[in-house]
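Comments concern the structure below.
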Amino acid sequence: MDRNEVLERSRKENQLHDEGVQDAQQKGRRVGVAGFFLFVAIVIVYNMVLGISISLPVAFMLVYLTCQAWGQYVERRDTIVLITGIMGIVGTIAASAAYVMSTLM
């Protein structure tokens with residue numbers, strides 16, 4: 001069996017662990033995260049210009065960061081990431097409460 005046959009067979013057997021697929025997924029996530037944060041920033045600026053509460057887009061941003069920190073903490077048990085996650089939870093609750101209060105008035 002030559003090298004190409006071995007590589008092709010390995011790809012077929014390990015589709016979930018193919019480094020090329022994993023690299024493409026990681027790059028896609030980076031672009032998705034950058035696009036998400038850019039859009040949130042645009043919405044925040046737009047709301048500030050119009051005098052609308054920015055608590056909802058801030059809550060979306062914080063819940064994403066909190067979930068990401070939680071996922072990293074589960075895998076690595078890094079104390080700094082845990083602290084980031086806890087602060088994110090507090091910020092998410094505060095921003096969500098501010099949004100609810102702004103809609104009730």
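Is there any pair linking a residue in the range 21-49 that is over 15 Å from residue 65 (Cβ atoms) to one that is in a helix (DSSP H, G or I), with Cβ under 8 Å and at least six apart or on different chains, and which?
21/15; 43/57; 47/57
Hey, does the range 60-76 have a residue that's outside the structural domain of residue 35 (by TED's automatic domain parsing), among the β-branched types (Val, Ile, Thr), farther than 19 Å from residue 36 by Cα and in a helix (DSSP H, G or I)?
Yes, there is a match, as at least one residue in the range 60-76 is outside the structural domain of residue 35 (by TED's automatic domain parsing), among the β-branched types (Val, Ile, Thr), farther than 19 Å from residue 36 by Cα and in a helix (DSSP H, G or I).
Given the condition out of contact with any Pro (no Cβ under 8 Å at 6 or more places or on another chain), surrounded by 15 or more Cβ atoms within 10 Å (Cβ to Cβ) and not in a helix (DSSP H, G or I), answer yes or no: does some residue in the range 83-100 qualify?
No - not one qualifying residue is present in the range 83-100.
Hey, can you tell me all the residues within the range 50-64 that are touching a Ser or Thr at 6+ places or on another chain (Cβ under 8 Å) and free of Cβ contacts under 8 Å to residues at least 40 places away in the same chain?
If the condition is that a residue be touching a Ser or Thr at 6+ places or on another chain (Cβ under 8 Å) and free of Cβ contacts under 8 Å to residues at least 40 places away in the same chain, then 62, 63 are the ones that fit.
Within the range 77-96, is there a residue that is outside the structural domain of residue 8 (by TED's automatic domain parsing) and of a type in the set (Lys, Arg)?
yes
The values are calculated or read from the model by the stated rules, or taken from the named source; none is laboratory data. Since the model is a prediction, treat every value here as computed from it, not as a measurement. Positions of Cβ are backbone-derived with ideal geometry, glycine not excepted, and every protein chain shown enters the neighbour counts.
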